[in-house]
Amino acid sequence: MEKYNVIFTKSSVKELGDIPQKDAQKILKRASELAANPRPTGCEKLVARPLYRIRQGDYRIIYFINDSSRIVDIIKIGHRKEIYRL
């Protein structure tokens with residue numbers, strides 16, 4: 001199976017920089033795993049948006065999957081209390 005390219009938006013890179021390093025490393029590992037499987041167990045499609053969400057501890061990764069060009073676009077990374085205020 002061909003892998004997907006995982007791309008981070010500028011804003012998601014900034015959000016990642018605001019997260020404690022220990023948690024940020026776990027988030028990066030989790031995000032990189034999306035290249036092999038963009039719809040892992042536990043991912044959820046968001047209601048009324050073409051976006052998906054996965055959990056990593058108290059943080060959430062919101063992303064868009066483009067199957068035709070095999071790209072996973074990381075849109076937003078943040079704490080579960082604040083993430084859904086898109």
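What the table shows:
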| item | result |
| --- | --- |
| Label point distance in nm, residue 23-residue 82, each placed 7 Å from Cα along Cα→Cβ | 0.9 nm |
| Dipole axis of the chain (+1 Lys, Arg; -1 Asp, Glu on Cβ), positive-most option in 77, 7, 32 | 77 |
| Check: the chain dipole with +1 on Lys, Arg Cβ and -1 on Asp, Glu Cβ, in debye | 180 debye |
| Label point at residue 67 placed 7 Å out along Cα→Cβ; residues across region 42-56 whose backbone nitrogen lies under 15 Å | 45, 50-52 |
| The chain: GluC sites (Glu not before Pro) in DSSP coil with no more than 14 other Cβ atoms inside 10 Å | 2, 82 |
| Convex hull (Cα only) mean projected area of the chain, reported in nm² to one decimal | 5.6 nm² |
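Where a number appears in this text, it was derived from the coordinates with a stated rule and is not lab data. Please read all numbers here as calculations on a predicted model, not as lab measurements. Neighbour counts run over all protein chains shown; Cβ positions are idealised from the backbone, glycine included.
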